[in-house]
Amino acid sequence: MGKKALVTGVTGQDGAYLAALLLSKGYEVHGLVRPSSTKSTERLSAYLDKITLHYGDLSDGGVITRLLQNIQPDEIYNLAAQSHVHISFDMAEYTGNVDGLGVTRLLETIRSLNLIDKVKFYQASTSELFGKTQISPQNENTPFAPCSPYAAAKLYAYWMVRNYRDTYGLFACNGILFNHESPLRGENFVTRKVTQFAADIARGQKKTLALGNLEARRDWGHAEDFVRGMWLMLQADEADDYVLATGQTHTVRYLVETAFKQIDISIDWIGAALDEKGVNSRTGETLIEISKDHFRPAEVDLLRGDSSKARQKLGWEKKYDFETLIKEMVEADLGREITPEETRVNLRAV
Ligand code: NAP
Ligand code: F7E
């Protein structure tokens, strides 16, 4: 019989890619779903009849206990989180409860149900742990310097995972994943925000997009590559922590230029600071504006990961480069039908 996996955060970007991967490997896949909007299972539409979904929330310990007791999973992938860094500044307590304490609830349940020797645990750790570090590239030995409520909560979770591994012998891994994107990326993360806007412009549907810090640098990979790395971590002989990253870093400014290149528009940048604009170099039309609302109280300036350990010990490798990723995202957004009535909400923190 195939293995059983429980995926928290199964309705998110990574949850959808991971569920597909696990199903292709013959797993019985269980997913934790919040009883929120019906839209939340949209990313799973192709697999809904093959996955068992359970209502629950990482803030509810009782549900977690009942689920683990009933499912008795071989592998748990904890992907659930309030994952937006900017929003975490406005929702610090909630983010700590879900992204930090939520992980302790899972680990404690594993311990109290005597599942320590049965279950393997993957924790969605993050390059945001490196925060304000001056060291680049960052690897598993780089000191952490978190600078957001999101990163601080994830750092607490990171250490709880290590504690349960070292103290109780749980097979538990932290995947320290750098940014990874895809056509399924949430619409309030910068890559998707930009590719969706480029597609809107190609359709003649939108005029300008407000962005924040154009100079921030990120190491952007593809979610499909990264979920394969999560699975590989749990198949290794020993539990350990691994960085997954592409090793290349680009600015938000270059992301904008790359996305618009896909629709044959080149961008000229004029002005400076909050008055800077990105204009269509052929028509002069303003496409990008800068808004202070999209700057964070504290920014992570430069992320570039060194995934040597994962490549050597797990045989992990990436298949996508940055340009191919952005091309796929723009093409997917161009293919999406949008009704004329549809408006996209411009929330302050996105
Ligand atoms: P995502 O698209 O934002 O998905 C987050 C998932 O968590 C969604 O399924 C969401 O459910 C669920 N969730 C949120 N709050 C919850 C709660 N209180 N209880 C149960 N479920 C809850 O995130 P992602 O990009 O797939 O990332 C997956 C994980 O990796 C997250 O933990 C994220 O912090 C971490 N991570 C992501 C990246 C990246 O670049 N993508 C990099 C490093 C680490 P709803 O659908 O109901 O909202
Ligand atoms: O921002 C800048 C922003 O929100 C990337 C999460 O998956 O990866 C993600 O966190 C950069 C930042 O992702 C806008 O200031 C400029 O420097 O797409 P993002 P993130 O904050 O890097 C890490 C690894 C995770 O763990 C998280 O869960 O882009 N930026 N202008 C903007 N960002 C947004 N969202 N919106 C803007 O208008």
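The values are calculated or read from the model by the stated rules, or taken from the named source; none is laboratory data. Keep in mind it's a predicted model, so treat the numbers as computed, not measured. As a convention, Cβ positions derive from the backbone with ideal geometry for all residues, glycine included, and neighbour counts pool all protein chains shown. To get the accessible areas, we keep the full protein, side chains included, count just its heavy atoms, and leave off ligands, DNA and RNA. Shrake-Rupley method; radii C 1.70, N 1.55, O 1.52, S 1.80 Å.
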Cβ-Cβ under 6 Å pairs, at least 6 apart or on other chains, segment 319-334 side under 15 Å from L255 (Cβ atoms), far side open to solvent by less than 70 Å² (accessible area, probe 1.4 Å) and among the aromatic types (F, W, Y) = F322/W220
Of the residues in segment 127-179, how many are polar (S, T, N, Q) and either within 10 Å of ligand 1 (Cβ to nearest atom) or under 20 Å from the mean Cα position of the chain (by Cα) (or both)?
-> 6
Within segment 296-318, how many residues are in a helix (DSSP H, G or I) and either open to solvent by less than 50 Å² (accessible area, probe 1.4 Å) or over 26 Å from N179 (Cα atoms) (or both)?
-> 4
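A quick yes/no check of all residues on (1) open to solvent by less than 20 Å² (accessible area, probe 1.4 Å); (2) under 20 Å from the mean Cα position of the chain (by Cα); (3) of a type in the set (S, T, N, Q); (4) within 14 Å of ligand 1 (Cβ to nearest atom):
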| position | (1), (2), (3), (4) |
| --- | --- |
| Q196 | yes, yes, yes, no |
| I201 | no, no, no, no |
| T208 | no, no, yes, no |
| G212 | yes, yes, no, no |
| E215 | no, no, no, no |
| E224 | no, yes, no, yes |
| L232 | no, yes, no, no |
| D237 | no, no, no, no |
| Y242 | yes, yes, no, yes |
Does N174 fit the bill of being more than 15 Å from ligand 2 (Cβ to nearest atom) and closer than 19 Å to N78 by Cβ?
-> no
